[in-house]
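Participant: Let me give you the structure first, and then I'll get to my questions.
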Amino acid sequence: MYKFIQKMKKALLIIVSLIATANFAQDKPKLVVGIVVDQMKMEYLYRFSNDFSENGFKRLMNQGYTFHNTHYNYMPTYTAPGHASVYTGTTPAVHGIVGNEWFNKATGKEMYCTDDETVSTIGDDSDKEGKMSPRNLQSSTITDELKLSTNFKGKVIGMSIKDRGAILPAGHFADWAFWYSKTGAFISSTYYGEKLPDWATQFNAEKNYLKYVNKGWDLLKPKEAYNESLTDNNPYEGKLYKKAPFMPYNLQDMYDANDAGVLRSTPFGNNLLADFAKKAIESENLGKDNITDFLAVSFSSTDYIGHVLGPRSIELQDTYLRLDETIADFLAYLDKTVGKGSYLVFLTADHAGAENVTYLKDNKYKVDNINYKNIQKELKEFSETTFGENLVLDYSNYNVFIDKNKVKSKGLNLQDVKQVFKDYLQKQDYIKRVYTEEEVANANASDYYLNFVSKGYDPTQNGELVMIFKPGYVEYSSTGTTHGSPYSYDTHVPLIFFGWNIQKGATHDRKEITQIAPTITQMLKITMPNSSDGKVLLEVLEK
C-alpha cells in the first residue's frame, strides 16, 4: 500500500509539473511573427476574396481578429516611415524616419533612411547594398523591448526583399536583419555580425531564386478568374524590365538581360522570402522554448508590382492570389514547427496606394499626375524671376527646402520669402494646402490634414514648406501607381491578429497604425517602445 501511495504521489507530481509547464508556455507566445505586406490596401481582402483559399488570408480573418478600419495617421505614407511607425508605435515626427530618403540639411545632400557608411556588406561582394543599419531610427521598437525584457535571450530576426523592410522592424538590438541583393543572395551588414550565419550562407549557395526564374510567371488560375481586374496589357500598366505587360513573362530572358533583382518585381520574391523565413525558424530554433522570439517578415514584391502595373492589373491580382497560398503554407509550417496556439501573428501593411490617375481621368474624374521634376523646375524659375536668384535648396517628399543663407545674404526677410512661395504654390491646380514650418509647429485639432503633416514632420529634417496635393492627384508617371498622401486610399490598410490568445472577431471602429506596437507589448507584458503614446487595441487585449 505504501509503494502504491508513493507511486501515486510521483504521478501527481508529474501531472502538476506538466500542467504548470503548459500554463507557463501559454503565459506568452513562443514566437511572434509580424507580417507587413508592402502597398496593401484593405480593399484587396474584399475584392479578391472569392479567389482566395480557405487557409491563407481567409484563415487569418475567420479565426483571428480583423480591424477593418485601420489607418496611418501622418504623411508621407511611404515604406520606411510605415515600417518604423508599426514597430515603434509612434510617427515620423518622433522616430525620425521622415521618408525613404530625404534632403539632409546638414550635408546639403539626399540621405537614405538606413544608410550607414560605418558598416560593410556581408553575404556577397556588393558594397553599397549592404552598408545599412538602424542607426537613423531614433525610437525603440517592439523588438528592441523584447530583447531588453528577456535579457537578450529572446531572438529577433528581421527579413525582407527591401533593406528598410528588414532593418527598421528588427530594431537596434536584433540578432539579424537580412535583405535581398541583386546577386540573388540575402545579405546583411557588419552592424549585426562579421559574417552570415552558416545556414544563411548555405541558403544563398543553393541559389534558390533560380527555381522561380526558370519556371517563369504565368497566371495561377484560369484567366476568367481575374474578372476583378482590368484586361491584360491595358494602357494603365507600365513595363517590367522593358517587357510588355502581358502574361506569361519569360523570367529567364529578364534575368539574362539584367540580374537576380528581377525577382523583386514578380510574386516569387514573396515565395523566396517565405522559404528563407522557414530556414531561419528551423536553423535558429525560433519558438522552441518558453522565451519569446520575434520574426519580422516584410513582403515587398506587392509594392514593386503595384508601382509598375497598378492596382487594377491582372499581375497584381495574381500576386495576391499567390501570396495567399504562400501565407497558407507558412501558417501550416508554424502549426507544425511551433504549434497551434503557441505563436502570435499580426498582419498589416506599410501603406496602401492610389488608383491610376489616367484610369480615373478616362472615367471623367478631373485629376492629374504630377512630375516632381517639373515642380522643382517651376519653383526654381519662379524664384529666379521673383528674387533674382534660386532660393530653393531642394524639393522632395512634398517638402520645399529654402536656402536660408542666401535669403540672409540678400537681406530678405525669411518669413516674407516663405509666404511668397506659399502664395505661389497655393495657386497651382494640383495643390490643396501649403503649410509653413511655423504652422506645422502650431498644429491643432481643428485642421484635420495639418495634423497629418505635423505627425510626419521633424523640424530638424523637413523643409520650410510642406504641401498637400488635391485628392486623386499623384506625383508619379501616367502608368502604375504610387502613395504618400494623407488620403484614405493611401492610409487604409489591413490589420489582423491571429493565433495565441486571439479570439475570432472584427470591428469597424477607426484605429491607428501606431496602436499595434503598444498592444503587442501589453500582450507580452513588456515595456512599451520608448516613444509610444500607449494607445492600445482593447479588442484583442480584453478577450
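The values are calculated or read from the model by the stated rules, or taken from the named source; none is laboratory data. Computed from a predicted structure; not experimentally measured. When we count neighbours, we look across all protein chains shown, and the Cβ atoms used for this are built from the backbone with ideal geometry, even at glycine. Accessible surface areas use protein heavy atoms only, side chains included; no ligands, DNA or RNA. Shrake-Rupley method; radii C 1.70, N 1.55, O 1.52, S 1.80 Å.
Participant: Here is a check on your reading of the model: is LYS432 assigned to a strand (DSSP E or B), touching a strand residue (DSSP E or B) at 6+ places or on another chain (Cβ under 7 Å) and surrounded by fewer than 22 Cβ atoms within 10 Å (Cβ to Cβ)?
Facilitator: For LYS432, the condition - assigned to a strand (DSSP E or B), touching a strand residue (DSSP E or B) at 6+ places or on another chain (Cβ under 7 Å) and surrounded by fewer than 22 Cβ atoms within 10 Å (Cβ to Cβ) - is met.
Participant: Within the stretch 53-119, considering only strands (runs of 3 or more DSSP E) that don't extend past its boundaries, which have at least 2 residues that are touching a residue at least 12 places away in the same chain (Cβ under 8 Å), at negative phi and buried (at least 19 other Cβ atoms within 10 Å of the Cβ)? Give the derivation first.
Facilitator: Details: elements: 65-71, 101-104, 109-112.
Counting at least 2 such residues, we get 65-71, 101-104.
Participant: Residue by residue through the stretch 185-218, note down the ones that are among the hydrophobic types (A, V, I, L, M, F, W, C), in contact (Cβ under 8 Å) with a residue 12 or more places away in the chain and assigned to a helix (DSSP H, G or I). Reasoning before the result, please.
Facilitator: Going residue by residue through the stretch 185-218, those that are among the hydrophobic types (A, V, I, L, M, F, W, C) are 185-187, 196, 199-200, 203, 205, 210, 213, 217.
Still in the list and also in contact (Cβ under 8 Å) with a residue 12 or more places away in the chain: 185-187, 196, 199-200, 203, 210, 213, 217.
Within the stretch 185-218, TRP199, ALA200, PHE203, LEU210, VAL213 qualify.
Participant: Sticking with this one: Of the residues that make up the stretch 384-401, is at least one hydroxyl-bearing (Ser, Thr, Tyr), assigned to a loop (DSSP other than H, G, I, E, B), surrounded by 13 or more Cβ atoms within 10 Å (Cβ to Cβ) and in contact with a strand residue (DSSP E or B) (Cβ under 9 Å, 6 or more places away or on another chain)?
Facilitator: Of the stretch 384-401, the ones hydroxyl-bearing (Ser, Thr, Tyr) are 385-386, 395-396, 398.
Cutting the leftovers down to assigned to a loop (DSSP other than H, G, I, E, B) gives us 398.
Next, only the ones that are surrounded by 13 or more Cβ atoms within 10 Å (Cβ to Cβ) stay: 398.
If we keep only those that are in contact with a strand residue (DSSP E or B) (Cβ under 9 Å, 6 or more places away or on another chain) as well, we get 398.
Looking for residues that are hydroxyl-bearing (Ser, Thr, Tyr), assigned to a loop (DSSP other than H, G, I, E, B), surrounded by 13 or more Cβ atoms within 10 Å (Cβ to Cβ) and in contact with a strand residue (DSSP E or B) (Cβ under 9 Å, 6 or more places away or on another chain), one finds at least one in the stretch 384-401, hence yes.
Participant: If you go through the stretch 415-429, how many residues are open to solvent by less than 20 Å² (accessible area, probe 1.4 Å) and either more than 20 Å from ASN405 (Cα to Cα) or among the hydrophobic types (A, V, I, L, M, F, W, C) (or both)? Break it down into steps so the answer makes sense when it comes.
Facilitator: If we filter the stretch 415-429 for residues that are open to solvent by less than 20 Å² (accessible area, probe 1.4 Å), which is where we start, we get 417-418, 421, 425.
Filter once more, so that each one left must be either more than 20 Å from ASN405 (Cα to Cα) or among the hydrophobic types (A, V, I, L, M, F, W, C) (or both): 417, 421, 425.
Number satisfying all stated conditions: 3.
Participant: Over 20 Å from SER140 (Cα atoms) and over 24 Å from the mean Cα position of the chain (by Cα): which single residue out of ALA205, ALA185, ALA200 fits that description? Don't jump to the end; show me each part of the working.
Facilitator: Working: ALA185 fails: over 24 Å from the mean Cα position of the chain (by Cα); ALA200 fails: over 24 Å from the mean Cα position of the chain (by Cα).
The conditions single out ALA205.
Participant: Take the stretch 402-412 and flag every residue that is among the polar types (S, T, N, Q) and either surrounded by 20 or more Cβ atoms within 10 Å (Cβ to Cβ) or in contact with a helix residue (DSSP H, G or I) (Cβ under 8 Å, 6 or more places away or on another chain) (or both). First the steps, then the outcome.
Facilitator: Step one: list which residues in the stretch 402-412 are among the polar types (S, T, N, Q), which gives 405, 409.
If the condition is that a residue be among the polar types (S, T, N, Q) and either surrounded by 20 or more Cβ atoms within 10 Å (Cβ to Cβ) or in contact with a helix residue (DSSP H, G or I) (Cβ under 8 Å, 6 or more places away or on another chain) (or both), then no residue fits.
Participant: Could you figure out which of (1) at positive phi; (2) surrounded by 21 or more Cβ atoms within 10 Å (Cβ to Cβ) isn't true of SER189?
Facilitator: Only one criterion is unmet by SER189, namely (1).
Participant: Just a yes or no: is a residue in the stretch 41-48 crowded, with 24+ Cβ neighbours inside 10 Å and over 20 Å from TYR304 (Cβ atoms)?
Facilitator: No - not one qualifying residue is present in the stretch 41-48.
Participant: Now for a separate question. Tally the residues that are in a loop (DSSP other than H, G, I, E, B) and open to solvent by 10 Å² or more (accessible area, probe 1.4 Å), restricting the search to the stretch 141-161.
Facilitator: Qualifying residue count for the region: 5.
Quick grid of which residues meet (1) touching a Pro at 6+ places or on another chain (Cβ under 8 Å); (2) surrounded by fewer than 23 Cβ atoms within 10 Å (Cβ to Cβ); (3) touching a residue at least 24 places away in the same chain (Cβ under 8 Å):
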| position | (1), (2), (3) |
| --- | --- |
| GLY269 | no, no, yes |
| ILE291 | no, yes, yes |
| GLY306 | no, no, yes |
| ASP318 | yes, no, yes |
| ALA332 | no, yes, yes |
| VAL345 | no, no, yes |
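Participant: When the stretch 239-267 is examined, which residues are found to be buried (at least 20 other Cβ atoms within 10 Å of the Cβ) and in contact with an Asp or Glu (Cβ under 7 Å, 6 or more places away or on another chain)?
Facilitator: Residues satisfying the conditions are PRO245, PRO267.
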